[in-house]
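Contents: one structure, followed by commentary.
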Amino acid sequence: MSETVVVVGSGVMGRGIAYVSALGGYRVKLVDVQEAALDSARKEIQAIFQKGMARGKVTAEQAGQAEKNLFYTTNLEEAVRDAQLVIEAVPEKKEIKKSVFEVIDRNAPAECVLASNTSTMSPTELGSFTKRPEAVIAMHFFNPVHKMPLVEIIRGLETSDETARFVEQAAQKMGKETVIVNEFPGFVTSRISALVGNEAFYMLQEGVGTPEEIDKAIKLGLNFPMGPFELADLVGLDTRLNNLRYLHEKLGEKYRPAPLLEQYVAAGRLGRKTGRGVYDYTKKQDED
Ligand SMILES: NC(=O)c1ccc[n+]([C@@H]2O[C@H](COP(=O)([O-])OP(=O)(O)OC[C@H]3O[C@@H](n4cnc5c(N)ncnc54)[C@H](O)[C@@H]3O)[C@@H](O)[C@H]2O)c1
């Protein structure tokens, strides 16, 4: 029987991780506390399979097989009982991650590896919430998961070589390239991305340009594939703000979240997932 991967949190990232895991041949259980999130994840995963088939990237047989291997549940305790790998993708808040890791640790088999898709947090600290720190590691996927080629793997202080090798092979099975880096808040990618994204919000607040002008300048002048506001809306402004708060606490002033970003989040403008962030997607044609 195929190995079982449990993905915890079916939001922006969890659904993508479930998709690439199923396509990689795993039996996949996607877990969330909200039925509505699971329903929306199921629909989005089906849509990605449809688009993949239409573009010739996935065969009908691969899609059919992968969809049969995908299960959706709100019962975390039950879901992890036969797992070989759990990938946590719940919000970037320490108290939520702590309680999820504690439940997984109590219910998953002793040999199961526990990975987190955290953008910034320390895998050493996440490991300290469990009785198996040697089997805890960060496996940082990028958005949108089915398109982005990298998984950044971050070892904690106690992470074993075996765990690092295991998740490296799992990421490769999911069709991804890997880098293994040393633990430091924000790793490589989130540290740079959060800084650039935050600076763009300061510029907008200062009236340097419109979002369209700033995005265009960065794309065409610096050859970034997406503008900082397009990316922030894709990432989720709440997720970006949580990352910045954590990095501000750990790395100091240069990561202080821009007040305008705080204001957008307070207003519920969280990006594409709520229909409005910096841009308004209720009017904009979604070309993805
Ligand atoms: N959004 C990105 O671009 C991105 C990129 C890389 C990494 N990440 C990281 O991935 C993680 C998830 O981010 P996201 O953007 O997918 O968030 P999201 O808000 O889109 O989704 C989080 C999901 O977790 C669910 N959830 C909350 N508490 C839960 C619990 N106790 N048990 C099970 N499910 C629970 C929520 O209902 C929601 O569906 C964060 O750590 C984030 O930093 C995000």
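The values are calculated or read from the model by the stated rules, or taken from the named source; none is laboratory data. Bear in mind the structure is a predicted one, so any value in this text is a computation, not a measurement. Cβ: placed from backbone, ideal geometry, glycine included. Neighbour counts: every protein chain shown. Surface accessibility is based on the protein's heavy atoms, side chains included, excluding ligands, DNA and RNA. Shrake-Rupley method; radii C 1.70, N 1.55, O 1.52, S 1.80 Å.
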- Ranking Gln84, Tyr246, Leu150 by how far each Cα lies towards the positive end of the charge dipole of the chain (+1 on Lys and Arg Cβ, -1 on Asp and Glu Cβ), the top one is Leu150
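Find me the longest stretch of the chain that has none of the exposed GluC sites (Glu not before Pro), where exposed means in a DSSP loop (not H, G, I, E or B) with at most 12 other Cβ atoms within 10 Å.
Numbers: sites that count: Glu111, Glu287.
Longest stretch, sites excluded: 112-286.
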- Just grab the label-to-label distance for Phe224 and Val179, each label 7 Å out from Cα along the Cβ direction, in nm (one decimal). 1.7 nm
- Hey, any idea what % of the chain's accessible area is carbon plus sulfur with a 1.4 Å probe? 52 percent
- Task: Calculate, in nm to one decimal, what Tyr281 and Ser128 gain on full extension: separation in residues at 0.36 nm each, minus their alpha carbon distance.
- Result: 51.0 nm
- For the Cα atoms of the chain, what angle does the longest principal axis make with the long axis of helix 161-173, in degrees from 0 to 90, nearest 10? 70 degrees
- Cα→Cβ-extended label distance, 7 Å offset, between Ser2 and Leu157, nm: 3.8 nm
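Take the Cβ-Cβ distance between Gln34 and Asn143 as r, set R0 to 22 Å, and report the resulting FRET efficiency rounded to the nearest 0.05. Could the numbers behind the result be given before it?
Values: r = 20 Å, r/R0 = 0.89.
My answer for the efficiency is 0.65.
How much accessible area per residue does segment 4-182 have, counting only protein heavy atoms and a probe of 1.4 Å, in square angstrom?
On the way: 7860 Å² over 179 residues.
Averaged over the residues of segment 4-182, the accessible area is 44 Å².
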- Note on the structure: Here the alpha-carbon Rg of segment 4-182 over 2.2 N^0.38 Å rounds to 0.95
- If Lys and Arg each add +1 and Asp and Glu each add -1, what is the summed charge of the other residues whose beta carbon sits under 13 Å from the beta carbon of Glu152? 0
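State the extension gain, in nm to one decimal, for the chain segment bounded by Lys254 and Ala266, taking 0.36 nm per residue of separation less the distance between their alpha-carbons.
2.1 nm
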- Message: Compute a Gaussian network model of the chain, connecting alpha carbons closer than 10 Å, and tell me which residue from Pro228, Pro185, Pro109 fluctuates the most.
- Response: Pro109
- Expressed in nanometres to one decimal, the distance between label points 7 Å along Cα→Cβ at Lys51 and Lys98 is 3.8 nm
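How big is D, in µm² s⁻¹, for segment 190-274 by Stokes-Einstein at 25 °C and 0.890 mPa s if Rh is the Kirkwood radius over C-alpha pairs? Spell out each step's value before the answer.
Values: Rh = 12.8 Å.
D, rounded to a whole number, is 192 µm²/s.
Got the relative contact order for segment 221-288 handy, in percent, Cα pairs under 8 Å and 6 or more residues apart? List each step's numbers first, then the result.
Values: 63 pairs, mean separation 23.2, N = 68.
It comes to 34 percent, rounded to a whole number.
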- Which loop-located trypsin sites (Lys or Arg not before Pro) does segment 55-102 contain, where loop means any DSSP state but H, G, I, E or B and the Cβ has at most 16 other Cβ atoms within 10 Å? Arg55, Lys57, Lys93
- Given a cut-off of under 8 Å on Cα pairs at least six residues apart, what relative contact order in percent is computed for the chain? 14 percent
- Query: Against the longest alpha carbon principal axis of the chain, how many degrees, from 0 to 90 and to the nearest 10, is the axis of helix 35-54 turned?
  - Reply: 90 degrees
